[in-house]
Amino acid sequence: MKHTFIAFLSAAIAAVAVPALAHHSFAVYDMSQSFEFKGVVETLKFRNPHMAMTLTHVKADGSKETINFVEGAPANMLVRMGLDPAVIAPGQEITAIGAPRRDDATSFFLKAIILKDGTKFVSVGN
């Protein structure tokens, strides 16, 4: 009976822990790649657990594309680094560096933000 309870308790703890670990995994992104996009912020969700934004980028041929940064660092971490959300508000021109999702090449993890004055805020690995 004691072994059954311990097995049940272990399974219950694992069931709770695995989703929590998966949430914080970067496995869906190819973090070995970095793509740099200069453009204008279109939308911004500056909140926890992760910030997100879209950026309108002008391609080499002159056409525009929307880059979807579906996930980035937590907003409170960026504020502690000194990033004021007003400087990346919609309409602001910035450079954003992202790692593409492995299953969706149009979506990126936001690795870094570079402001027009050259100030750089790094969320991971850049």
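Read-outs: derived from the displayed coordinates by stated rules, not from any lab. A quick note: this is a predicted structure, and the numbers were derived from the prediction, not measured. As a convention, Cβ positions derive from the backbone with ideal geometry for all residues, glycine included, and neighbour counts pool all protein chains shown.
So which lysines can Lys38 reach, going by Cα to Cα under 26 Å and dropping same-chain residues fewer than 8 places off?
Lys59, Lys64, Lys111, Lys116, Lys120
Lys and Arg at +1, Asp and Glu at -1: add these up for the other residues within a Cβ distance under 9 Å of His57 and post the number.
Neighbourhood net charge equals +2.
Can you pull the percent of Cα pairs in the stretch 34-126 with separation above 20 Å?
Percent of Cα pairs beyond 20 Å in the stretch 34-126: 26.
Extension gain Phe26-Thr43, at 0.36 nm per residue separation less the Cα-Cα distance, in nm?
3.8 nm
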